[in-house]
Amino acid sequence: MKLKTKLTLFNTISKLVIATIFVLLLPRLITRINQTYTDSKLLKQRDRMMQIVKNQGIKSYIQSDENAVGFYTPLKEDYVSLNIDSSFFNLDTIKNEKRILQGDTIEYRILSHNFRADNKKYLLEIAISVDTITETTRPIQNIAFQVLVAMILLTIMADQLYSNYVLKPLGQIIKTKLVGQKFPNFGSYEQVKTSTSDFQHLDLSIHKMIETIEGTFQKEREFISNASHELMTPISILQSKIENMFEREDIVDETKARLLEMQKILNRLKSITKTLLLISQIENEQFLKADNVSLSEMLQELYDEISIRLQDKNISYEAEVPENWRLVHVNKFLLFNLFFNLINNAIKYNKPDGAIIVIAARENNTFTVSITDTGIGIAEEDLPYIFNRFKKIRQSLQQDSFGLGLPIVKSIAAFHNIKIVVTSQKGQGSTFKLVFPPGAIETS
């Protein structure tokens, strides 16, 4: 999962958690807000009543022959009452109480306040129906929820846009410095434009690391190439001298046997040197890709060359390749070597009376060629290392092999941008599937 996706997901989840908590607390908050507003309203009404009593006297509400007065709205949503108070307590409270008005029991939010006027003590009650207070709760909740959802969506969009903006340099670093490069040829360095110091440091650090890796690989290539060239001359000289010694009549049979062993060792060394030199030339891209060849014809040439080895082990060979498939913009010599090494390994590690099947197929817009054998297979723990030229797996150790066939295959495949997918089961065989890049194969 990409970093910006993780950040957006985290922001979304965190906002949803906050929104959930807010929604759960919303009824209590609104109830508290309504109650506070109601209490404030009751206190303002009390202050106005007391101001009127102060300015106009208590008689403006209660006549001399009255002990109480009250009035309320027709729907009994609120009321005000003024009574003579005989209690000894001073009241100034606001609380919920139930009152009976005209036979109806209604719960009110009641402000109770007693005061003295004209040498008498009075109790003022100002009340608002609790139902009236809660009537606004649901609409306010709906409005608050809608506003909250809108704000969350806007903040998520803002976070996504800002994350894309902030992390854009990181994406460019990954694309241009890592994913977009052909390892280990990285090309020239171009600084990624960013105002974030962390990304600037990362970009520069990756560049320095790449330079070190590229320099190391270049030194290795130069060493292999130079060493291979230098070794070929003394090997050829030694071979010539050994061949000349065979022609001498004074050489005894025991010496000839030792010379023959020496010649086999030199041939082995010469083969390894040529292979390393070929790999070095491929990786240094010293070959042209200008050939246009028929896949079926090339595989037929290969079969003609290895048919004797197939007969020796009684291995059946079957190729299902369309006649009209042509490899374009390739190097025929290298591709012939690629298929030769794969099929040669299929023979070498196959069982007597086994089989080799070559199948060319088109999968959507991708062309593939699979080489399947019924051989000894490759152990699962060895699969990651089969293309490593510096690690010889157990199958190679059991055979008279240099362990360089598959590294050559890997180098040639990389040179042609061919992907290799290997599946194998111990004791049952292996399949090497070549996935060709778009445009590498044409059908006509």
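Determine whether segment 296-307 contains at least one residue that is closer than 27 Å to Lys274 by Cβ, open to solvent by less than 40 Å² (accessible area, probe 1.4 Å) and free of Cβ contacts under 8 Å to residues at least 12 places away in the same chain.
Yes, segment 296-307 contains at least one residue that is closer than 27 Å to Lys274 by Cβ, open to solvent by less than 40 Å² (accessible area, probe 1.4 Å) and free of Cβ contacts under 8 Å to residues at least 12 places away in the same chain.
For the condition among the charged types (D, E, K, R), open to solvent by 60 Å² or more (accessible area, probe 1.4 Å) and in a helix (DSSP H, G or I), what is the one hit in Lys270, Lys264?
Working: Lys270 fails: open to solvent by 60 Å² or more (accessible area, probe 1.4 Å).
Among Lys270, Lys264, only Lys264 is among the charged types (D, E, K, R), open to solvent by 60 Å² or more (accessible area, probe 1.4 Å) and in a helix (DSSP H, G or I).
Quick one: would you say Val23 is of a type in the set (A, V, I, L, M, F, W, C), open to solvent by 40 Å² or more (accessible area, probe 1.4 Å) and in a helix (DSSP H, G or I)?
So Val23 fits the description; yes.
Among the residues of segment 326-364, what is the count of those that are among the β-branched types (Val, Ile, Thr) and part of a helix (DSSP H, G or I)? Give the steps one after another, and end with the answer.
Residues of segment 326-364 among the β-branched types (Val, Ile, Thr): 328, 330, 343, 347, 356-359.
Filter once more, keeping what is part of a helix (DSSP H, G or I): 343, 347.
Final tally of qualifying residues: 2.
For segment 403-444, name all the residues that are of a type outside the set (D, E, K, R) and assigned to a loop (DSSP other than H, G, I, E, B).
Scanning segment 403-444 gives Gly403, Leu404, His416, Asn417, Ile418, Gly427, Gln428, Pro437, Pro438, Gly439, Ala440, Ser444.
Out of Thr137, Thr176, Thr194, I need the residue that is surrounded by 12 or more Cβ atoms within 10 Å (Cβ to Cβ), closer than 30 Å to Lys44 by Cα and at pLDDT below 80. Which one?
Every option except Thr137 fails the conditions.
Filter segment 143-173 down to the residues that are polar (S, T, N, Q) and either exposed (fewer than 11 other Cβ atoms within 10 Å of the Cβ) or at positive phi (or both) and list them by number.
Result: Gln146, single match.
Among the residues in segment 44-61, are any basic (Lys, Arg), loosely packed, with under 10 Cβ neighbours inside 10 Å and free of Cβ contacts under 8 Å to residues at least 60 places away in the same chain?
So far as segment 44-61 goes, no, none of its residues is basic (Lys, Arg), loosely packed, with under 10 Cβ neighbours inside 10 Å and free of Cβ contacts under 8 Å to residues at least 60 places away in the same chain.
Out of segment 76-134, which residues are open to solvent by less than 70 Å² (accessible area, probe 1.4 Å), among the polar types (S, T, N, Q) and more than 24 Å from Thr36 (Cβ to Cβ)?
Asn83, Ser87 - these are the residues of segment 76-134 that are open to solvent by less than 70 Å² (accessible area, probe 1.4 Å), among the polar types (S, T, N, Q) and more than 24 Å from Thr36 (Cβ to Cβ).
Residue under question is Ser401, and the condition is that it be open to solvent by less than 20 Å² (accessible area, probe 1.4 Å), over 30 Å from the mean Cα position of the chain (by Cα) and modelled with pLDDT of 90 or more; does it hold? Outline the logic, then answer.
On the way: open to solvent by less than 20 Å² (accessible area, probe 1.4 Å): yes; over 30 Å from the mean Cα position of the chain (by Cα): yes; modelled with pLDDT of 90 or more: no.
Here the answer is no, as Ser401 does not meet what is asked.
Does segment 365-398 hold any residues that are in a loop (DSSP other than H, G, I, E, B), at pLDDT below 80 and exposed (fewer than 12 other Cβ atoms within 10 Å of the Cβ), and which are they?
Phe390, the sole residue that qualifies.
Cβ-Cβ below 6 Å, separation at least six or inter-chain, first residue in segment 255-277 and within 23 Å of Ile412 (Cβ to Cβ), second buried (at least 16 other Cβ atoms within 10 Å of the Cβ) and polar (S, T, N, Q): which pairs?
Close Cβ pairs (under 6 Å, with a partner that is buried (at least 16 other Cβ atoms within 10 Å of the Cβ) and polar (S, T, N, Q)) amount to Thr273/Ser228; Leu276/Ser228; Leu277/Ser228.
The values are calculated or read from the model by the stated rules, or taken from the named source; none is laboratory data. The model shown is predicted, which means the values in this text are computed figures rather than measured ones. Counting neighbours? That spans all protein chains shown, and the Cβs are built from the backbone with ideal geometry, glycine included. To get the accessible areas, we keep the full protein, side chains included, count just its heavy atoms, and leave off ligands, DNA and RNA. Shrake-Rupley method; radii C 1.70, N 1.55, O 1.52, S 1.80 Å.
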